[in-house]
Each structure stands twice: as structure tokens, then as C-alpha cells.
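The values are calculated or read from the model by the stated rules, or taken from the named source; none is laboratory data. All values derive from a computational prediction rather than experimental measurement. Note that each Cβ is placed from the backbone with ideal geometry, even for glycine, and that neighbours are counted across all protein chains shown. Side chains included, ligands, DNA and RNA excluded: accessible areas come from the protein's heavy atoms. Shrake-Rupley method; radii C 1.70, N 1.55, O 1.52, S 1.80 Å.
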Amino acid sequence: MDGECKKLLPQLCKVLAVSGKSLPDDTSLEKLLDWFSGLTDLGTGLVEACPCLPEFISTVIHNASPDPTILSFTFKLTGLLAATESSFKLLQENSLLLGSVFDPPHRWQEAGFWDDPCVRIGWVQGIRAMLQHSPALHFLVETDFTKVLLRLQTDTSLFVAAAANDVLAHILVHQSQLSEKCVDMEREEKSSIGKTVTIDADVQRLALTLGSSNDYATVVMAILEHVKASLVSKENKERHQTLQGLRLLILVFGQARDPLLGILLKAVSEPLEALVAEGHSQLHLLLLDVLLTAYSCSSRDNPTTGQHNPTRDQDLNDPDSGQPANSLISHMLDTYKPPELIHAGAALLRRDHRDLSHKAKAAGLLLLPLEMITGLTLPGTQSAGSAEQRSSLAELMNSKTPCISLLCVCLTHAALLTCTPPDVLPCPIGSLVTVILSLLRICSGQAPVSPIGSAKAYRNLIGCGKVQRCSLEALTALAVSPGAAERMSEVFSVLIAYLDNPDSEPTVLHKSYQTVLKWISVLPVPPSSIRDTLGQDLLSVVRKRVCDVRWEVRDSTVEFLGDLAALSPSYVSAQCASENPLVSSFTPHLVEALQDPESYVRASAIKALAQTFTLGWQQGAAPSPEQTALVKRLLDIVSGDTEGFPRRAVIRYFSSWFSLWSQNAPGIPPPPSSSSSSSSSPPLLLTTSLGSVLSLGSADLDWEVKVHTLELARLLLHRALSPLGASLSGPDAASTRQPPPHPYAVAGQWAGPGGQGEAGDAGDADPGGALAGLVEQGVWAVLLSSLFDCDRPVALKACGLLTDLRDAVCSASAAPSTAVAAVTCELQGCSWGKEVKALLVVANGSKGGGSKGCDWTGEEEEEEGGGSVRVCDVLRSLDLDERLSVLSQSSDHVQNSPLSLLQDILSIGDRHADPNSQEVIVDCY
């Protein structure tokens, strides 16, 4: 513990103990507990090291009217301190302090504090923190606090009840795992115990394997009796107890192992059977979750060998085994009413239930509503549901709300149907696609006037956007399934009809675009008929939608065009991307969308244009008038658009353009100052635009625009440094220089060296020319301007890039070459001139004032910080490593510390002493 924090801790305890009011920010107490918990994890004995903490606890519990928040905090702190055996004994010896704190049946209830849920949940969490060793369990049994936990397990506050459930599950599972003898003893006594052993005997046998056998047996018996009693059928007003009992079983079954698991299953099998037989609709899904958890845990693979245990599965089907989870699931599927029946089928597929017969029935149940609505026969539904269930379901489908709800459940789980084995789901994927397409036609009113299915349901579904969206999502998921390609023509016909439908909602149109892209991307080269459909019908529909009055539709349309252009050419009409009719025909529409009144549409149009680059843009051909006009329009956006989204998109556009050209240029392109062939020269339009983009982007008020500008500078820097044998990392790589990130640090803004790309021949490189080229292009000015930026992510990224540049051209380990040392830059007119000049003065003074390494020449402009300085001198004077260390920390790393938190809480004492003082706002770290 920090010495300053330890010094302030007694004062803090005094403030908290005597304060009659809650803290202005209650979360500060949780942060204080987090700090204590971290110290405990590091092995710090807080009771021994900080005697003020037990004194604080004693003061609070003897206070006649403690604040409920402070009292709850005291419970949690006491449990945290007692989590180790040594500290537990010290607290126990301290005038029976633990018994005085955790005494709800007496003092806290009589004083009225127990009525506050904050106090109850603090008490429960304190007990949970303490129960990490056998003496704590003995204390729980000795004080009879188990009864309190069991009462709180059905508390009216859901938070308190959930916390109590967590403690009870922890007792059952964690305490049973304190000794590894459990499994060994079960194996040794398996032959002698048999199936006639009673639950009490099983519990006693389990308890004997633990050090605190009597304590554990007592607690387990009390919990089991309570759970069994809560599962007994009750009136509706007491149904809350049954729900909480089932939730506790789910928690325990999900964690328990043999022999505890078998004992618990035997204990609750009879009441579970009774609940299933009674058929309470409120309990159906929770009961099924309990049974599925029990089944999956009982048939769990061997944790040691990883192999499946078939004996377990056989036991589950044996009604005499005491574990009839499988038979109860079958009974529920045979007796459920339609709504619960469909949800049960979905739950079985989600949980990947092992039993194939159940899985087949679940698949048929999910197909049944689709069959009833569309009137199409689907294989696999014949055995799904009894005649009575089918009749009830057919009647239910005529009601709008349940019909839509059940159809959405079925469609949402359609993708799971494709994962089932063929013998489980005999329905071909093509038939399932056909049914979904038929449902889409019904929803859009395109089905026949007299549908084969339910006429009333047909009317209820027309224009239902929820079912349309779920159907399109299901269709997207089925695109990758074997056999789906057989319905390709029909799929595109329905999707284009949806895109052309004037009544389609914007969200439905967006889903339709996504589905079209998915089916185009996953299928092989379409035949001529499909190609004609895509080239004509889709062309006509998209031309209309790009001018839609709804901006959401226009935005989805331009996004679709960009994503379509980004697909592999083999998927786009079997033509080269530059010859794709959709791309070539809609480029003018995308350019027109740059003037859209909605900023989201403008940004999407810029992104789409970046995805439609053709070979003419990549090579060094002379720009066409259209290309020149487009680039001018983009520069106008980055310099004058009032919204940040389009300006960010423009910077990314030029980064994509430069990156795409670099990938297609032969070899690693040299810096602009060195000789190069025309084949490796960037397009003239790109070259002449980069300077303006860099200057405009670095001067933008939006910090994200500046970060994207630095990414463009990184690409230029990489191009210049690659021939030197240096490399820069990608934008998302991990830095070897960067210290461990602060939990609130902005991640992924800069990555240090370790780079991508191939290095050129360092022997033929020209470091001086490369550095001069970076100054001439404006990259150097962007990096320096961003280094002194007030936005930390911008400065962090710039600092990393400057560090790479320094290491590549003028590292401290070697003197720079004459060419590198001669490269200068002007300070006059630069926003960073004053800062650089001040750093050079400091660096010059540190060398005795006679150094020639930090000179600047020319007329000095005091106002502007003008003059000419050597680039290498600037790089060395910036102290980049120290800057990088500071910038890598969050901006609040000093304020958001334990010391700051203690100081803030202490200031509350001054506020209480002076009623006229201002309210204290506690730091949130």
C-alpha cells in the first residue's frame, strides 16, 4: 500500500464512521472496496496492516443510527477482510466482531435498518465474500445465518434474491470442491452404495469427504429441504418462491459435478415431476431450462478425458435412476400449449440438446407455423405436435399478435435448423428457402388472392415489417447452406420485388440489400439468366432508390453500391470490376449524392466512391475531367462541410486511393525526390491533391479527421522509409514501445514499430532525399502540428510516427549522414513554430550554449517563431520517448488514483463541518 494512502486511511475511516449523511457519490464506496480487494489479491493483510479498519467496523455497528449506505459498505468490507483464514480469526477474536456485524435477526431488524434493500444486499454480499474457507462455513452454521439466507432467497427485491441465490449456489458447489476426495470416494463406494441409498445418507457421505463435514451436511440439508419445499405447488401469490427455487437449481446444476450433482438431482426429482405434471404456464420455460441444464450436466463429457459418457445418457432415460430429466422433457413437449411449445423447441435447438429424438421434434415444431401460414408441406412436421396441439396452434395463428411473435421465433432459429443432421431434419434446405420466400410474398401482399394457408393470418401479416426483417435475416443465414443455390433465381426475384415495392420500410429495404449482397457473394458465378436479372432489374430498382425521398433509403442504397463494387469481380456479373454495369452506371449518382442534404448520405457516397476505384484511377494515366471535378468536390467537402462524417470520409477516401495504388504498383515505390519509372509513380491527380488533403485535415476541428489524416501521413511515411530498410507498423498493431495501457486509455490510435510491407534495398536508399520529400509533401508539418495537438489520441499517434521517423533517419546511436543533417524546415507561419523554438533553446542550453547541433538560421520572427531549423535537431530535441510514455497514459491517470479517491472522501468531513461549503464531487475512477 502506498505510504501516503496508508497515512490518510485512519482519517477516512473517521469521516465515514461519523458522517450522518450518504456520500454525494455512492459509487466511491464501491471503488474503495475495489481498491481493498486488489490489495488483498496482492497478499496484503489489511487487518494486520490497517488496524483502523476493524476500529471503523466496530464504530459503525455500535452507532445507534448509522447511515444505511455506510452500514451496507461495512458488511461488504467485513466480508472482504474475513476472506482469509488468518484475518477471519483476528476479527473473530476481536470481541466477537463478526457476530456483532452479521446479526440481522436481532439488532438490525429491530432498529428498522433491515427494511432497506441496500442493507440486505450488503449483508448478503458480505457473507458471500467471507465464505472462502471452512471456518467461515462453521461460523455460518453456528450463528444459524443459513435461515436468513434462505429467507432472503425469496426476497421481494430481485437484486437481494439474486444475491442470496448466488451465495447458496456458492455454498453447495464451492464447499463441495474443497477436497478432491469427492470423486475418488464416489468411485470406491459406487458398488456398495447402490440406488437404495437415501438422500440423507448421500449428503452425509459427501460431507465426510470434507474437513468441515458436520457443517457442510447441515447446510446442504437445510438448502435441499428449502428448495424441495419451494418447488411444491402453491397459490399464485406464492409462485415467486417456486421461481426462485428453479433459478437456484439452474445456478447449481450449471456448476456442480458428481457426486453432488447426482445427490441434488435425486433430491428434487419428485417435486420437478409434480410441477411438470401440473403444467403451470408461468413455469414452463424456466422448468425446461432446469431440465436441460440438468440433462446437459449429467451427460457432460468426462472432464478428465474429454470423452462422452454414454452410461449417463442411459441413466437419464431410466425412471428408476433418480434422474428422469429426459423423460420429463418428453412429457413437457407432449403436453405444452402452442406458445410454450414453440419456445421450447427453440430452446432445445439453442442448447444443442443431445437427444436426437427431441432435436427432431424441436425442428418440426419450428417448421409447423411456417407450414400452416404458407400452406406448403414441409417434411419433418408430420410428427410435430399432437392433433390437439396442432388445432390450438392453427387457431392461435389467426390472432395477429401471437402469430407474429411465433413466426419471428421460428424465423430467428432457422439458421439452427441448418446445423441439424439430415436424419434429424429431413426437410431440404431448398424447401425451407421456398417457405420463407412464400412468407415474404404474403407480407408484401404479393401472394395469390386465395392463399392455401390461413386467410385470416394472411391479412394480419400484410405489411408486417417485423416478420419481413426476420424473414430476410433467415434468408441471409440460409445462403451458405448446401442446396440453397437451387433457389437462386427465385430468391433474387423476390428480393428485387421488395426493393421495388414503394411500401417497403427503410429498415426492410436495408435488410433486402444485405440479403442480395450475401447471396451474390456466397454463390458461384451466376448463369446468364441471373446475370440479366442483376444487370437490368436491379439496375432499374437501385436507380429509383438512390433518389428516394427518405434519407435512410438513399443511405442504404449508396452503401449497397459501394459494397457491391467491393465484391470479388467473379461475383459481379462475371466481369471485371471496372466493367461492372452497376458500378459504371451509378458512379454519376454517387457523385450527385455528394451534395445530399443529409450528412450520413454524403459520407456513405464518399465511401462507396472509394470502393469503385478502377484501373484508370490506380495507374498514372492523365486524369479525365470527371475525375478532376470529383477530386475538387471532395476537397471542397473536407474544407467546407459543416458535418464531421463527410470530412472523415474524404480523408479515408484519399488513404484508400493511395493504399490501393501502392498495392498495385510494382515493388515498393520510391520517395518522390528520387528517380522512378512512370509505372511506379502515383497518379498525377493523387499527387497534386495530397498536400491539400494533409493541410486541411490536420487543421480540422474534429479530432477524428485529424487521426485519419495521420493515417494518410503514415502511408506516405511508410512509402518513404521502406527503401531505407525501416518499416512502420499497421494502424492496429501492438506497440513494443508502448507501456501497458491504462484501463481508460484510447486504444488502437497508434502502433509502434514492427511493421508491415517489404523493405527496399537499403544500400541504394537516399535517406536525405526521403526526409526532404516528407518535408516537401507536408507530412513533416502534419506530424509536428499533431504532436502539439490538444486531443490526446492525435498527439499519441503523431508521437509514434515521429519516433519511427527519428529511428529511421537520425537515431541517437549513430550520427546522421551529411545529407540527412542538411535537411531543414521553416518555422515561419507554422502553428508549431513557437513550441519547436522553445525546445531548441532548452536543448541548446543543456549543451552549454556552444553546440552547433541545435542552431537555427535566417531571420527570426518573434511573433511567429520563424526561421529555418534542421529536421534531425528537432527530432532529437522533442524527447519523443518521454512524450510517448506520458501520452500513452489516460488524461486522468493522476486524478483517478486511490490517493485522489481518499482525498475526495476526506473532503466530505469539511463539508459536514461547514454547512455553507460547496458540494463535493467525488472522482469516478
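Across the range 130-141, coupling constants 3J(HN,Hα) worked out from phi with the 6.51/-1.76/1.60 Karplus curve, θ = phi - 60°, read 6, 6, 10, 7, 5, x, 5, 5, 4, 4, 4, 6 Hz, and Gly and Pro carry x.
Between the range 498-519 and the range 335-356, the alpha-carbon centres lie 31 Å apart.
A probe of 1.4 angstrom, applied to the heavy atoms of all protein chains, finds Lys511 with accessible area near 50 square angstrom. Sorting 471-477, 784-790 by their mean Cβ neighbour count within 10 Å, with the most densely packed peptide first, gives 471-477, 784-790. Each distinct pair of alpha carbons in the range 351-418 adds a 1/r term; the inverse of their mean, the Kirkwood radius, is 12.4 Å.
Label positions at Arg351 and Lys14, each projected 7 Å from the Cα along the C-beta direction, are separated by 5.8 nm.
In plain terms, the chain from Ser907 to Thr412 could stretch by 172.7 nm, reckoned as 0.36 nm per residue minus the Cα-Cα distance. Annotation: extensible slack from Ser897 through Glu278 equals 217.1 nm (criterion: 0.36 nm per residue apart, minus Cα-Cα distance).
As a calculated quantity, the FRET efficiency between Glu55 and Asp34 at R0 = 22 Å, using C-beta atoms, amounts to about 0.50. Here the simple spin-label model places points 7 Å from the Cα toward Cβ, and for Asp500 and Val591 these points are separated by 2.9 nm. A simple spin-label model places pseudo-atoms 7 Å from Cα toward Cβ; at Glu776 and Gln92 they are separated by 8.2 nm.
Computed with a 1.4 Å probe over protein heavy atoms only, the accessible area of Lys359 comes to about 30 Å². Given their separation in residues at 0.36 nm each and the Cα-Cα distance between them, Gln382 and Thr44 gain 115.1 nm when the chain is fully extended.
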